[in-house]
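The structure appears right after this line, and notes come after that.
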Amino acid sequence: MPAVVELSVQKKLVALWRVAKTTYRAAPLAVFVKLLNALIDAILPIVTAYFAALSTTALADAFAGKAGSAEMATTYVIITAAIGMVQVAWSSIERYIAELARYQIDAAVSDQLHLHFSRIEFWRYDDKSTADLFDKAQNFAYFFSRFFDTIAQMISSIIQAIIAMIALTTINVWLGAVILVAVIPSMWVQLALSRLSSAHWKKNVETRRRMSQIRWSSFQAKNFAELRMYGIVSHLIAWHARLRDIDKKGQIDYERKYITKRLGAQLFEAAAELGILLYIVGEIIARRQPIGQFVYAQSLVTRALSSVGSLINQYSSMDEDLATLFDYDAFMAIPTGEQGRTSLTVSPKIISVENVWFAYPNAEQEVLHDISLSIKRHQHIAIVGENGAGKSTLIKLLLGLYEPSRGAITIDGVDLREIKKTDWHRQLGVLHQDFVQYWYTNARDNVRFGDIDSDFNQARYRQALDRAEARSFVEKLPKGDLTNLDKWLEHDDGTPGVDLSGGQWQRLALARNFYRQSPIVILDEPTSAIDALAESRIFSHLFKDKQHTLIMISHRLSTIERADVIYMMKDGRIAESGTHQELVALKGEYFRMFKDQLR
Ligand SMILES: Nc1ncnc2c1ncn2[C@@H]1O[C@H](COP(=O)(O)OP(=O)(O)OP(=O)(O)O)[C@@H](O)[C@H]1O
């Protein structure tokens, strides 16, 4: 269950101030225009009502035959119309600027967010709480500009309410006070409802999360065939409906329980409005106020009541958003990764793993125990062992994604922690088991992304495709290597994209790695989905190439027979090491695994 954030009024005000500051940095003109708009929105309708009142009074005088009143009435009507036109002209300018501002704010906030995510320490990408925080912060960034709009509306409502009440006070000092008292019950009802619904929202975070997981991950065209074959569709629909009921019906129940209270509060407001209007009518009949004052007072009362009502609605609707603002802040406060200071410009002569122990953050048990090994330039080494032996973890440490709990990894004698990560990663070409599939683009991009900083090199590209055994299938795609790699992604001329098989994706990922031409190649199960003949050709090329240092994990022992050194890992330790022949002669763990695989 996630922690429930309860925000005090003070915290909310701080949060609002932060939103204003961030927005101002992203789009200063927009902030100015929004504030001006809030002011204009608040003042112009009241000024219009004022002139409408003067027109009415002048008209009544003209009707009674008072000299000069007809001219006055005409002048007031023209002024009222002119104000209306100014209002219309302003609203179309404001609309354009608001759109532009929304675009600028959203772009700036989400770019900042992604930039920050690309600078935090690597281990955090594997950390659930960081990933959760990133999701929430992304969510917030998505709604950021809408959020600022709400703040601007709140400012406008406050100004409207204040001006309307001051104007009422000029008619009679007590009228403003009557309005203030009249809105108290509505305020109470709305705030109580918003507290209840906010508590309900927080209580059901997991319910909503599961509901959206069912919707987005299961109710998809590509999954429906399997769901139907297992006969699981109606079960999932019913499950989704139950979760929806918990979430939505709860909210509706609160609304139902408050119907009478809300009605009571509205009747109270209506009674106050009626009281004020009767008072004005009495004053007009007694000739203490001009006839147009009725129009003016009615407009002021309506405005004061409605702006206080919308202010409360806006304030309570921001509860959830304000809570996510703190998540956004918490995410942006995650420190950026230590990069190390020592430069590395040439390919290293020796990588040494020296008595390395390692436990994952927040895990008690160590998964690597006293590992020592060294890898010389252009050497080919293989790491083998059962599932969970610690092979991929060792690779993660070699990449610098995690730091050893004890011991050190050194590059030509310099601790990896001291070396600039970007320099180190430039030396490496890594293919993970769960590599990235850039399915929203074509095969050429999937390979080219191996070295995006250099100009595209056709010869290098062809060679990479050949070595990864990918060329023939890529050439057969409907639009060759420019075919979209997702069947739902249509080309401009209507040609559909294509879905690739698991093995084809793996070949493209290998090609990306080869295209990089990095001095050190690290491959974690690179051919697990590739058929045996292609696999054998790929490995034969890999081991023939003596220009690269090669570090490879493979479960198929026949593929790594030609490695210079094989490290056999068991329970986080190196159990055996040597060449294939030496390990077979040893008749230990490696030999047993090899024999089993030959059967
Ligand atoms: N991110 C993680 N957080 C915590 N524990 C992890 C994490 N990744 C792996 N482990 C644990 O570390 C141990 C070693 O896992 P690792 O992935 O290194 O094994 P492996 O030898 O590569 O296995 P396989 O052959 O299945 O890929 C396992 O017990 C695993 O549960």
Problem set entry | the range 556-569, residues that are of a type outside the set (Ser, Thr, Tyr) and at pLDDT below 85 | ARG556, LEU557
Problem set entry | Index of the failed condition, LEU533 passing every other in (1) under 24 Å from ARG377 (Cβ atoms); (2) more than 16 Å from the ligand (Cβ to nearest atom) | (1)
Problem set entry | Selection status of PHE294, in contact with a Leu (Cβ under 6 Å, 6 or more places away or on another chain), aromatic (Phe, Trp, Tyr) and surrounded by 14 or more Cβ atoms within 10 Å (Cβ to Cβ) | no
Seminar exercise, completed: Taking the range 61-75 and keeping only residues that are over 60 Å from the mean Cα position of the chain (by Cα) and within 20 Å of GLN289 (Cα to Cα), one is left with ASP61, ALA62, PHE63, ALA64, GLY65, LYS66, ALA67, GLY68, SER69, ALA70
Exercise. Has the range 547-554 got any residue that is polar (S, T, N, Q) and surrounded by fewer than 15 Cβ atoms within 10 Å (Cβ to Cβ)?
Worked result: yes
Problem set entry | THR422 being more than 13 Å from the ligand (Cβ to nearest atom) and either open to solvent by 10 Å² or more (accessible area, probe 1.4 Å) or over 29 Å from GLY572 (Cβ atoms) (or both) | yes
For this session: Test each condition in (1) assigned to a loop (DSSP other than H, G, I, E, B); (2) touching a residue at least 60 places away in the same chain (Cβ under 8 Å); (3) over 30 Å from THR345 (Cα atoms); (4) out of contact with any Gly (no Cβ under 7 Å at 6 or more places or on another chain) for ARG537 and report the one that comes out false.
Result: (1)
Seminar exercise, completed: Quick count over the range 360-381, residues being away from the ligand (no atom under 13 Å from the Cβ), surrounded by 15 or more Cβ atoms within 10 Å (Cβ to Cβ) and outside any loop (DSSP other than H, G, I, E, B), is 4
Exercise. Taking the condition aliphatic (A, V, I, L, M), surrounded by 14 or more Cβ atoms within 10 Å (Cβ to Cβ), over 16 Å from ALA30 (Cβ atoms) and out of contact with any strand residue (DSSP E or B) (no Cβ under 8 Å at 6 or more places or on another chain), does MET72 pass?
Worked result: yes
Seminar exercise, completed: Taking the range 458-485 and the residues there that are of a type in the set (Asp, Glu) and buried (at least 17 other Cβ atoms within 10 Å of the Cβ), the one that is nearest to GLN433 (Cα to Cα) would be GLU469
Exercise. Of all the residues that make up the range 571-593, how many are of a type in the set (Val, Ile, Thr) and either within 16 Å of the ligand (Cβ to nearest atom) or outside any helix (DSSP H, G or I) (or both)?
Worked result: 2
Exercise. So, of the residues in the range 78-123 that are closer than 30 Å to ALA330 by Cα and of a type in the set (Val, Ile, Thr), which turns out to be surrounded by the fewest Cβ atoms within 10 Å (Cβ to Cβ)?
Worked result: ILE120
Exercise. Looking at SER528, SER558, which one is touching a helix residue (DSSP H, G or I) at 6+ places or on another chain (Cβ under 8 Å), in a loop (DSSP other than H, G, I, E, B), within 20 Å of GLY503 (Cβ to Cβ) and assigned by TED's automatic domain parsing to the domain that holds GLU582?
Worked result: SER528
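The values are calculated or read from the model by the stated rules, or taken from the named source; none is laboratory data. Keep in mind it's a predicted model, so treat the numbers as computed, not measured. Cβ coordinates were reconstructed from backbone atoms using ideal geometry, including for glycine residues, and neighbour counts include every protein chain displayed. Please note that ligands, DNA and RNA were not included when accessible areas were found on the heavy atoms of the full protein model with its side chains. Shrake-Rupley method; radii C 1.70, N 1.55, O 1.52, S 1.80 Å.
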